[in-house]
Amino acid sequence: MERTTCLVVGGGPAGMILGLLLARAGVEVTVLEKHKDFLRDFRGDTVHPTTLDLLDELGLGAEFAKLPARKLDQVQLPVGGGVQTFVTLKNLPGKHKYIAMVPQWDLLDLLARAAAAEPTFRLRMNTEATDLIWIDGRVGGIAYRTRDGATGAIEADLTVACDGRGSVLRSAAGLPTRKWSTPMDVWWFRLPRTEIDPAGALPIVTARRVAVLLDRGDYWQCATLIAKGADESARRGPVEDIMRTLADAAPWLRDRVDALTSWDQVKLLEVKLDRLTKWYTGGLLCLGDAAHAMSPAGGVGINLAVQDAVAAARILAAPLLAGTVGTKELAKVQRRRRFPTVVTQAMQRFLHAWAIAPALDGRIDIAGAPRAPMPVRVLRRIPVLRSVPPFLIARGIRPEHAPHFARCV
Ligand SMILES: Cc1cc2nc3c(=O)[nH]c(=O)nc-3n(C[C@H](O)[C@H](O)[C@H](O)COP(=O)(O)OP(=O)(O)OC[C@H]3O[C@@H](n4cnc5c(N)ncnc54)[C@H](O)[C@@H]3O)c2cc1C
């Protein structure tokens with residue numbers, strides 16, 4: 001059987017950051033990713049100021065700056081036929097006063113290249129963990145299957161599940177989970193974008209449609225919210241209806257009402273919100289969405305996953321090197337990251353209940369209203385309150401910094 005010190009399952013933001021940081025500490029680390037590359041659509045593209053700071057600390061800021069990024073420094077709301085600024089990040093403390101919108105595969109490729117420079121790092125693409133291996137009552141590694149059908153097993157001192165919201169490993173471990181219902185699922189599709197379109201992220205809320213358009217340069221990545229479970233019946237209707245309702249709210253989209261011609265262009269993403277009550281068992285730790293599946297509300301799940309990985313690397317590197325990692329250290333990671341997770345998920349539940357569900361029920365129509373809703377107007381008028389949403393969205397709760405062993409600056 002193959003063997004490593006730390007086996008990270010899942011090459012998403014959490015897994016790649018953890019792999020890189022542990023390798024820089026000199027820990028033998030293998031990351032498994034089930035896909036052949038990182039080139040998948042429908043990943044969140046947001047890189048938050050705390051992650052940008054982290055990349056600087058890791059000496060990757062200059063490399064990152066070469067990626068095709070759009071800088072999102074404000075959120076605008078279409079109101080009464082016009083567009084109003086809802087949140088601005090321009091007054092944030094720190095060097096990065098914006099969220100970088102970068103295709104996630106570019107970020108993951110960059111992390112993979114940086115990690116490949118470390119002699120103790122190994123990345124195995126096309127390799128899917130299928131089950132846990134138990135040795136003397138604790139997790140001793142995983143069984144895997146490769147894309148060409150080969151099977152095998154890898155033993156490890158510690159296995160870290162970073163395999164996302166459908167985590168196979170956390171199910172196999174039977175860790176207790178708390179779940180919350182969510183009012184929505186998401187349709188995800190692309191639209192052409194012109195240089196005279198508005199820029200940045202653009203939420204559209206009407207009585208018939210709730211959507212967010214994300215500026216990706218020459219196209220818009222569109223997330224349209226639908227009521228939970230409504231996909232099947234909606235697909236019996238005309239797909240053109242999606243663009244017609246969007247164009248009613250945002251008239252500058254009228255020249256693109258024919259952009260969607262087939263339901264194949266519209267992907268369904270099921271939204272989940274849950275959290276493990278215990279993130280670990282002997283030999284296994286869950287991080288990122290595998291420990292706490294995040295809703296897209298607020299676009300903060302990637303940042304939280306990255307921060308989990310940084311904290312875990314800082315706490316676990318020394319015990320992994322010494323061969324002494326046990327449940328005490330794993331519990332320490334959970335203690336460190338539970339609070340930001342609880343608060344962030346509480347904010348998402350608030351957004352679900354007070355903004356998304358009423359909008360999906362047709363009780364809120366911001367685009368059709370003559371002026372912005374009252375909470376938005378209050379936020380805009382009171383400077384102290386105005387700074388809270390940008391700070392929470394952009395920097396999050398309890399940001400983590402690169403441990404000394406991983407720093408290049
Ligand atoms: C519709 C939608 C839109 C979202 N938009 C945003 C956004 O704009 N901004 C934001 O911050 N958050 C967003 N989120 C939340 C965000 O996607 C997650 O919180 C974040 O991706 C979690 O990162 P992760 O590394 O924990 O997991 P993931 O990003 O899910 O990565 C898991 C990785 O593990 C791999 N994997 C899975 N199973 C296995 C296995 N068995 N073996 C090997 N590899 C495996 C997967 O291929 C994947 O690469 C969105 C969520 C949804 C549902």
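The values are calculated or read from the model by the stated rules, or taken from the named source; none is laboratory data. Remember, it's a predicted structure, so these values are computed and weren't measured experimentally. Backbone-built Cβ (ideal geometry, glycine too); neighbour counts: all protein chains shown. Accessible surface areas use protein heavy atoms only, side chains included; no ligands, DNA or RNA. Shrake-Rupley method; radii C 1.70, N 1.55, O 1.52, S 1.80 Å.
Only DSSP H runs of four or more residues enter the estimate; each adds -39500 (n - 2.57), and after division by the residues of the chain the mean residue ellipticity at 222 nm equals -9000 deg cm²/dmol. A Förster distance of 51 Å, applied to the separation of the beta-carbon atoms of residue 262 and residue 350, puts the FRET efficiency at 0.90.
With both residues required to sit in the range 9-135, DSSP beta bridges show an antiparallel share near 70%. Taking every protein chain into account, the accessible area of the chain amounts to 43 square angstrom per residue (probe 1.4 Å). Length available on full extension from residue 254 to residue 219: 0.36 nm per residue minus the Cα-Cα distance, which gives 11.1 nm.
Normalising the average separation of contacting C-alpha pairs (under 8 angstrom, six or more residues apart) by the number of residues puts the relative contact order of the chain at 23 percent. The Cα trace of the chain gives Rg and Dmax of 21.6, 67 Å, the first to one decimal, the second as a whole number. Net charge in the neighbourhood of residue 96 (other residues with Cβ under 11 Å of its Cβ; Lys, Arg +1, Asp, Glu -1) is +1.
Modelled spin-label separation between residue 131 and residue 374, with each label point placed 7 Å from Cα along the Cα-to-Cβ direction: 5.8 nm. Amide H contacts of residue 159 (H built 1.01 Å from N, in plane; Pro and chain starts excluded): 7, 284, 285 sit under 5 Å, all sequence-distant by 5 or more or on other chains. Taking all protein chains as shown and a probe of 1.4 angstrom, residue 404 keeps an accessible surface of around 150 Å². The calculated FRET efficiency for the pair residue 387 and residue 197, based on their C-beta separation and a Förster distance of 25 Å, comes to about 0.35.
Overall, the chain carries a charge dipole of about 1360 debye about its Cα centre when +1 sits on the Cβ of Lys and Arg and -1 on the Cβ of Asp and Glu, all other atoms neutral.
Lys and Arg at +1, Asp and Glu at -1: add these up for the other residues within a Cβ distance under 12 Å of residue 133 and post the number. Neighbour charge sum, excluding residue 133 itself: -2. Measuring gaps between exposed loop sites in the chain (GluC sites (Glu not before Pro); DSSP loop; at most 14 other Cβ atoms within 10 Å), the longest gap, sites not included, is 1-194. If I model a spin label as a point 7 Å beyond the Cα along the Cα-Cβ vector, how far apart are those points for residue 151 and residue 236 in nm? Spacing of the two 7 Å Cα→Cβ label points: 4.1 nm. One chain, two ends: residue 3 and residue 278. Fully extended at 0.36 nm per residue, the span grows by 96.4 nm beyond their Cα-Cα distance.
Summing Cβ point charges (Lys, Arg +1; Asp, Glu -1) relative to the Cα centre of the range 139-259 gives a dipole of roughly 420 debye. If R0 equals 22 Å, the separation of the Cβ atoms of residue 113 and residue 71 corresponds to a calculated FRET efficiency of about 0.45.
Of the solvent-accessible surface of the range 30-185, computed with a 1.4 Å probe over protein heavy atoms with every protein chain present, carbon and sulfur atoms account for 49 percent. What fraction of the DSSP beta bridges in the chain is antiparallel, stated in percent and rounded to the nearest 5? Roughly 75 percent of the DSSP beta bridges within the chain come out antiparallel. The length gained by stretching the chain between residue 342 and residue 324 to full extension, at 0.36 nm per residue less their Cα-Cα distance, is 3.6 nm.
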